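Q: Got a structure here, written out as structure tokens. Questions coming.
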């Protein structure tokens, strides 16, 4: 995500890093590079002009604090301006973009609009899961897409996966009648939120706009969210603007941000349309929806990573009670292959290696990028498959694994015996490390692991 822009801005910082101070000449060169980076990222021209004007003004007027280098000062200025652009002008309230207004008599109706193929129905499922998991809401969904029976069935499926409830509809009904019946049902069954999915088209047309305007008037939603594909770049912004002319949009959900290496839509949408970015889709999984935070996004664009997102991902996927049991088990020296498999599963649930790399600061991610991530992901799956081919007793007592057992396990996992031996060697390394996890040794070891760096620490195991 955003790799091209991150790389470009990283090179700008490197060129100014060795200079004693920010001057008119090096600022001009720096702004030229930033302009090229933003143009390559498909950022809208009005956004580029505004951004560069403010960076220039602040850079030339900036008295670099003695503890900062010109490169560090530049990063601070650019981050502040990126945050301002994406948050609509007030960087001090950048974290509020992802908030939904649910302050109304239940059910709070949220209308989802967008073109066909933008990921609208999937986003309904993702938003339902987010509301259930983080806001503890009772959620009902309904499809008002009377043109595509498959859309109704798709919503039923993703709603079930999200743990929400689905209100039945069919293509012989009017969208307004479907929505009115769903609202009545939600009121009588005490739902907190009703998510209304709407029909999309391949392009903007008058019929679609009339239909969704009439539906909006009928349901009177407290939130009207526009779902748009980030990979459309500047076209995403133009489409959002067209919808906003027809509907009072309250927010944008930018989907497929994980597949967009440019990032122009994320930078442009708020500045051009005036509509806040509320959520971004960061993976195909139903939990791959994040509240948008302009400051954190600016940090990722500048290669600072998003460690907070990694922590939040861990909180979502790690059972604290299980973690406490594992710590107690490790202290007694009882770390076994079942525990090893559990750690692999948790990492995969957090988006795998590639998902974690995307949130790491640039220097750490670049070090890990020297490894073939696809090969590393395959290796992780292979390791999991090998452990799955073992009996519970063999996982608990790896010392039982002699030649005949290894041959059986290798055959069951579809690998060579050498792969089983390699996994056991990696497990033994992990096990010996875990034995040192007691008392003050744990803190010292964690510090040592951090000092060694990601690529060196993992390079001997997963990245082999």
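Q: Taking residue 133 as meeting all but one of (1) at pLDDT below 85; (2) at negative phi; (3) surrounded by 13 or more Cβ atoms within 10 Å (Cβ to Cβ); (4) touching a helix residue (DSSP H, G or I) at 6+ places or on another chain (Cβ under 9 Å), write down the number of the exception.
A: If we test residue 133 against (1) at pLDDT below 85; (2) at negative phi; (3) surrounded by 13 or more Cβ atoms within 10 Å (Cβ to Cβ); (4) touching a helix residue (DSSP H, G or I) at 6+ places or on another chain (Cβ under 9 Å), just (1) comes out false.
Q: Got at least one residue in region 205-220 being in the same structural domain as residue 150 (by TED's automatic domain parsing), crowded, with 18+ Cβ neighbours inside 10 Å and part of a loop (DSSP other than H, G, I, E, B)?
A: Checking region 205-220: not a single residue is in the same structural domain as residue 150 (by TED's automatic domain parsing), crowded, with 18+ Cβ neighbours inside 10 Å and part of a loop (DSSP other than H, G, I, E, B).
Q: How many of the residues in region 25-50 are assigned to a loop (DSSP other than H, G, I, E, B) and more than 16 Å from residue 265 (Cα to Cα)? Write out each step before concluding.
A: We begin by selecting, within region 25-50, every residue assigned to a loop (DSSP other than H, G, I, E, B); these are 41-44.
In the following step, the residues that additionally are more than 16 Å from residue 265 (Cα to Cα) were identified as none.
Selection size over region 25-50: 0.
Q: In region 156-183, what count of residues is obtained for those that are under 25 Å from the mean Cα position of the chain (by Cα) and in a strand (DSSP E or B)? First the steps, then the outcome.
A: First, pick out the residues of region 156-183 that are under 25 Å from the mean Cα position of the chain (by Cα): 156-165.
Checking the rest, the ones that are also in a strand (DSSP E or B) come to 165.
Qualifying residue count, region 156-183: 1.
Q: Just checking, does region 143-151 include any residue being under 24 Å from residue 243 (Cβ atoms), part of a strand (DSSP E or B) and either outside the structural domain of residue 257 (by TED's automatic domain parsing) or modelled with pLDDT of 90 or more (or both)?
A: Let us first name the residues in region 143-151 that are under 24 Å from residue 243 (Cβ atoms), namely 143-148, 150-151.
From what's left, part of a strand (DSSP E or B): 143.
This time we only want the ones that are either outside the structural domain of residue 257 (by TED's automatic domain parsing) or modelled with pLDDT of 90 or more (or both), so: 143.
There is at least one residue in region 143-151 that is under 24 Å from residue 243 (Cβ atoms), part of a strand (DSSP E or B) and either outside the structural domain of residue 257 (by TED's automatic domain parsing) or modelled with pLDDT of 90 or more (or both).
Q: Among the residues that make up region 400-416, is at least one of them modelled with pLDDT under 90 and closer than 16 Å to residue 336 by Cβ?
A: Checking region 400-416: at least one residue is modelled with pLDDT under 90 and closer than 16 Å to residue 336 by Cβ.
Q: Additional query: Look at region 140-153 and say how many of its residues are in contact (Cβ under 8 Å) with a residue 24 or more places away in the chain and in contact with a strand residue (DSSP E or B) (Cβ under 8 Å, 6 or more places away or on another chain). Working first, answer last.
A: Looking only at region 140-153, we keep the residues that are in contact (Cβ under 8 Å) with a residue 24 or more places away in the chain, and these are 140-148, 151.
Restricting the remaining residues to those that are in contact with a strand residue (DSSP E or B) (Cβ under 8 Å, 6 or more places away or on another chain) gives 140-145, 151.
Total meeting the criteria: 7.
Q: Does any residue of region 180-197 turn out to be in contact with a strand residue (DSSP E or B) (Cβ under 8 Å, 6 or more places away or on another chain), more than 23 Å from residue 284 (Cβ to Cβ) and free of Cβ contacts under 8 Å to residues at least 40 places away in the same chain?
A: Checking region 180-197: at least one residue is in contact with a strand residue (DSSP E or B) (Cβ under 8 Å, 6 or more places away or on another chain), more than 23 Å from residue 284 (Cβ to Cβ) and free of Cβ contacts under 8 Å to residues at least 40 places away in the same chain.
The values are calculated or read from the model by the stated rules, or taken from the named source; none is laboratory data. Predicted model only: the values in this text are computed from it and were never measured. All Cβ positions, even for glycine, are placed from backbone atoms using ideal geometry, and neighbour counts span all protein chains on display.
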